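In what follows, a single structure is set out as structure tokens and then discussed.
Just so it is clear, none of the values below were taken in a lab; they were calculated from the coordinates. In this text, all values refer to a predicted model and were calculated from it rather than measured experimentally. Cβ: placed from backbone, ideal geometry, glycine included. Neighbour counts: every protein chain shown.
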Amino acid sequence: MQLPFRLQRFVYLDNNATTEPWSRVVKVIARTLRKAWGNPSSLYRIAHDSAHILEDARNVLAQVINAESEEILFTGCASEANNQVLKMQVDIKPDGRTAVLSSPIEHASIMTSLEYLQSRGVTVQYLSVDTLGRVGEADLRSKLNSNVALVCIMLANNETGVIQRVAELTNHAHDAGALVLCDCVQALGKIPVDVKALGVDYATFSAHKIHGPKGIGALYVRKGAPLAPFLHGGHQEHGLRAGTESTHNIAGFAAALRLLAPAVTGRELAQELRTGIARLCPQAVFHSAQEQSLPNTLSVQFPGTANSVLMGFLDFRGVAVSAGSACNTQANEPSHVLTAMGLSAEAARETIRFSLAASGPHATRGRDVRYVLQSLEEFFGGRAPSIGMLYPAQLEERLLFQDDVWIFDVRHGYDRLLLKSLPGAHEASYPYRRHYGQVPKNKHIIVVCQAGFDAPVVAYALRARGVAQVSFVMAGMLGWKLQNATLYQKHAGQNIQVLAHGEVTK
Ligand code: PLP
């Protein structure tokens, strides 16, 4: 990968968002596309090769998670698999049961499907979690009744890494006659996953979290558990998920599964990071437990520091981390996981997730952790380049129309359809760095994005290019419109200049 201007290293600590594919995986995918491109449902040799790839991959996944190969269905992603199990609740209502119980810290693919279920008349109730995000057995028992059809509890959380006692919780659910869906996406490859030992009825998986390709997931359905077809059409995936199978991605998934590390590692490095952070920033609060949590995940609150600013600085230093779930970073909302654990919205907005790679083509190494600590030391030691932070209320008419202010609007085209730009803004589209050369160095640059996460990254990059005064707008256009509804009505979308692509920054 080509490193942007002035970076010393590239350290990727966002492995819960996605992982770098093994080169073996890339090779297998390319070979499948070239040599085994037949339709697995057809009846000649090249098609048989494709059908064999499917069956082989089913066997490999079944072996890894201790299932039977007939219990595995391939899906377009884990989100789809979660949707499939949840949305069928509207139709199947086993024994007339119409309620779903769920932990409140599930992935967005579950949380938003649950909202949909509620809109379709299904009763959804949330279990409580303690300050470490653990679901309590007593609370589950007290909420189970003869109307509960499904209980939804993830094995390991993507933001904090907390691991639930799924086997025990499943026993209680089964005693009450309910089925259990367990999202195992983050657990696979990091801790052992044995669906029989967990006892769950449905489990979901995703290849891109284990150094495999994106766009392929899997659903485990225990023999005998009901499943309604999700995509209607051909007879693929036992007639339950129509559509010609993505054989190259499935082959890539199998290759990644074959490369899963036999012994789970990585805790020592996460511990080194934890100790180093505690030393540098004694007020830091750790939301990840040291035990009963994923060995690679560290969720840390840095009180008094907006996570978007620290993320922007770390990006400037070549370190990729996130504020929590990748699915929520485009919205200006605090993490639902952290708030369910009892944190305030402010504390959630001061929290960063580091997720290390225990394996993969570039497994995290000691020197990566030390580089991150060195970067944090620079930041907390006051040696980071200064960027200004404007609260939406501070960006009022007087500042907006100053001659020496230059507004740099960095948003996706779709976001601009939802919200117009600030008056006089210069609109740049992805990749923003193509436009950096057009930004004047002698003006006060105000960077604004949709929700406040992209802008600090751009602000630090501009400082690195010699722009003297750069500020960004907290909470982005979403926050600004909320605070300044009248100004938005009056001025937004006026005299905008759309920047033509400049030269790509080396
Ligand atoms: N479940 C969890 C816990 C996840 O972390 C993710 C990915 O972020 C998903 C589900 C969705 O996976 P996919 O990207 O395959 O839809």
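What percent does the relative contact order of segment 1-127 come to when contacts are Cα pairs within less than 8 Å and at least six residues apart? Write out the running numbers ahead of the final one.
Numbers: 92 pairs, mean separation 17.1, N = 127.
The value is 13 percent.
So what is the orientation-averaged projected area of segment 388-505, using the convex hull of its C-alpha atoms, in nm²?
The directionally averaged projection comes out at 6.3 nm².
In sequence order, what are the phi-derived ³J(HN,Hα) couplings for segment 458-467 according to the Karplus relation 6.51 cos²θ - 1.76 cosθ + 1.60 with θ = phi - 60°, rounded to whole Hz, with x for glycine and proline?
My calculation for segment 458-467 gives 5, 4, 5, 5, 5, 4, 5, 8, x, 6 Hz in order.
Given a Förster distance of 60 Å, report the FRET efficiency between residue 41 and residue 489 from their Cβ-Cβ distance, rounded to the nearest 0.05.
On the way: r = 56 Å, r/R0 = 0.93.
Result of the calculation: an efficiency of 0.60.
Using Cα pairs under 8 angstrom and six or more residues apart, how large is the relative contact order of the chain, in percent? Each step should come with its number before you reach the end.
Working: 1035 pairs, mean separation 82.8, N = 506.
RCO, the chain: 16 percent.
Within segment 62-160, which trypsin sites (Lys or Arg not before Pro) sit in a loop by DSSP and count at most 16 neighbouring Cβ atoms inside 10 Å?
Values: sites: 87, 97, 120, 134, 141, 143; in loops: 97, 120, 134.
Hits after loop and neighbour filter: 120.
Return the sequence-ordered ³J(HN,Hα) values of segment 375-388 in whole Hz as given by the Karplus equation 6.51 cos²θ - 1.76 cosθ + 1.60 applied to θ = phi - 60°, using x for Gly and Pro.
3J(HN,Hα) across segment 375-388, in whole Hz: 5, 5, 4, 4, 5, 6, x, x, 9, 7, x, 7, 10, x.
Arrange 302, 316 by Cβ neighbour counts within 10 Å, fewest through most, would you? Don't jump to the answer; show the numbers that get you there.
On the way: 302 21, 316 24.
In order of increasing Cβ crowding within 10 Å: 302, 316.
From the C-alpha coordinates alone, can you work out the Kirkwood hydrodynamic radius of segment 1-134, in Å?
On the way: mean 1/r = 0.0519 Å⁻¹.
Value: 19.3 Å, from the Cα pair sum.
Are there trypsin sites (Lys or Arg not before Pro) in segment 217-303 that DSSP marks as loop and that have at most 11 other Cβ atoms within 10 Å, and which are they? Numbers along the way, then the final one.
Working: sites: 222, 223, 241, 258, 267, 274, 279; in loops: 222, 223.
Here the sparse-neighbourhood loop sites are 223.
Got the relative contact order for segment 388-505 handy, in percent, Cα pairs under 8 Å and 6 or more residues apart?
Values: 225 pairs, mean separation 44.4, N = 118.
It rounds to 38 percent for segment 388-505.
Which residues' amide hydrogens lie under 5 Å from the amide hydrogen of residue 165, considering only partners 5 or more residues apart or on another chain, with H built in the peptide plane?
HN-HN under 5 Å from residue 165: 135.
Would you work out the Kirkwood radius for segment 23-258? I mean one over the mean of 1/r across all pairs of different Cα atoms, in Å.
Working: mean 1/r = 0.0551 Å⁻¹.
For segment 23-258, inverting the mean 1/r across all distinct Cα pairs yields 18.1 Å.
Could you give the size of the charge dipole of the chain about its Cα centre, using +1 on the Cβ of each K and R and -1 on the Cβ of each D and E, expressed in debye and rounded to the nearest 20? All intermediate terms of the calculation are to be shown ahead of the outcome.
Numbers: 48 positive and 43 negative charges, 278 e Å.
Value, rounded to 20: 1340 debye.
Residue-wise, which Karplus ³J(HN,Hα) couplings in Hz belong to segment 33-48, taking 6.51 cos²θ - 1.76 cosθ + 1.60, θ = phi - 60°, and x for glycine or proline?
3J(HN,Hα) across segment 33-48, in whole Hz: 5, 7, 10, 10, 8, x, 7, x, 8, 7, 10, 9, 4, 5, 6, 5.
Quick one: if you take sqrt(5λ) for each eigenvalue of the C-alpha gyration tensor of segment 152-243, what semi-axes come out, biggest first, whole angstrom? Present the calculation step by step, with values, prior to reporting the outcome.
Numbers: eigenvalues 106, 78, 17 Å².
Equivalent-ellipsoid dimensions as semi-axes: 23, 20, 9 Å.
What's log10 of I(q)/I(0) for the chain at q = 0.09 Å⁻¹, Debye sum over Cα points only, no solvent?
-0.70
For the chain, what does the helix formula give at 222 nm: sum of -39500 (n - 2.57) over DSSP H segments with n ≥ 4, over the residue count, nearest 500 deg cm²/dmol?
Values: 19 runs with 177 residues, N = 506.
Calculated from helices alone, the mean residue ellipticity at 222 nm is -10000 deg cm²/dmol.
Under a crude label model (7 Å from the Cα following the beta-carbon direction), how far is residue 231 from residue 130 in nanometres?
Computed distance between label sites residue 231 and residue 130 equals 4.2 nm.
Considering amide H positions built from the backbone, and no H for Pro or chain starts, which residues 5 or more places from residue 129, or on another chain, come under 5 Å of its amide H?
Here the answer is none, since no amide H 5 or more places off falls under 5 Å of that of residue 129.
Express in whole angstrom the spacing between the alpha-carbon centres of segment 474-502 and segment 147-206.
What the calculation gives is 44 Å, centre to centre.
If you place +1 on the Cβ of every Lys and Arg, -1 on the Cβ of every Asp and Glu, and leave all else neutral, what size is the dipole of segment 23-258 about its Cα centre, to the nearest 20 Debye? If you can, show how the numbers build up before the last one.
Working: 23 positive and 22 negative charges, 151 e Å.
Using Cβ point charges on Lys, Arg, Asp and Glu, segment 23-258 gives about 720 debye.
For residue 383 and residue 285, FRET efficiency with R0 = 22 Å and r from the beta-carbon atoms, rounded to 0.05? Present the calculation step by step, with values, prior to reporting the outcome.
Values: r = 23 Å, r/R0 = 1.06.
E between residue 285 and residue 383, to the nearest 0.05, is 0.40.
So how strong a dipole does segment 41-98 carry about its Cα centre when Lys and Arg Cβ are +1 and Asp and Glu Cβ are -1, to the nearest 20 debye?
Values: 5 positive and 9 negative charges, 44 e Å.
Here segment 41-98 has a charge dipole of around 200 debye.
With the crude spin-label approximation of a point 7 Å out along Cα→Cβ, what separation in nm comes out for residue 138 versus residue 391?
In this crude label model, residue 138 to residue 391 measures out at 4.1 nm.
Taking neighbour Cβ counts within 10 Å as the exposure measure, how do 389, 111, 154 sort from fewest upward? Mind dumping the intermediate values first?
Numbers: 389 16, 111 21, 154 27.
Going from least to most buried by this count: 389, 111, 154.
Could you list which residues have their amide H under 5 Å from that of residue 447, counting only those 5 or more apart in sequence or on another chain, with H placed in the peptide plane?
408, 471, 472, 473
Using the Cα gyration tensor of segment 129-177, with a ≥ b ≥ c the square roots of its eigenvalues, what is the shape: rounded (a/c below 1.5), prolate (a/b larger than b/c) or oblate (neither)? Please report the intermediate quantities before stating the final value.
Values: a/c = 2.35, a/b = 1.94, b/c = 1.21.
Prolate.
Order these by the 10 Å Cβ neighbour count, fewest first: 92, 216.
Placing the least packed residue first, the sequence is 92, 216.
When averaged across all projection directions, what area in nm² does the alpha-carbon convex hull of segment 235-369 cover? Present the calculation step by step, with values, prior to reporting the outcome.
Values: hull surface 45.7 nm².
Seen from a random direction, the Cα hull of segment 235-369 projects 11.4 nm² on average.
Just in segment 49-80: which GluC sites (Glu not before Pro) are loop by DSSP and have at most 15 other Cβ atoms within 10 Å?
Values: sites: 55, 68, 70, 71, 80; in loops: 68.
In loop regions of segment 49-80 (DSSP not H, G, I, E or B), the sparsely surrounded GluC sites (Glu not before Pro) are 68.
What fraction of the Cα pairs in segment 1-70, stated in percent, has a spacing above 19 angstrom?
Working: 1430 of 2415 pairs.
Considering segment 1-70, 59 percent of its Cα-Cα pairs are separated by more than 19 Å.
If I stretch the segment between residue 165 and residue 69 completely, what's the gain in nm (0.36 nm per residue apart, minus their alpha carbon distance), one decimal? Provide the component values of the computation, followed by the final result.
Numbers: separation 96, 0.36 × 96 = 34.56 nm, distance 2.54 nm.
Going from the current span to full extension adds 32.0 nm.
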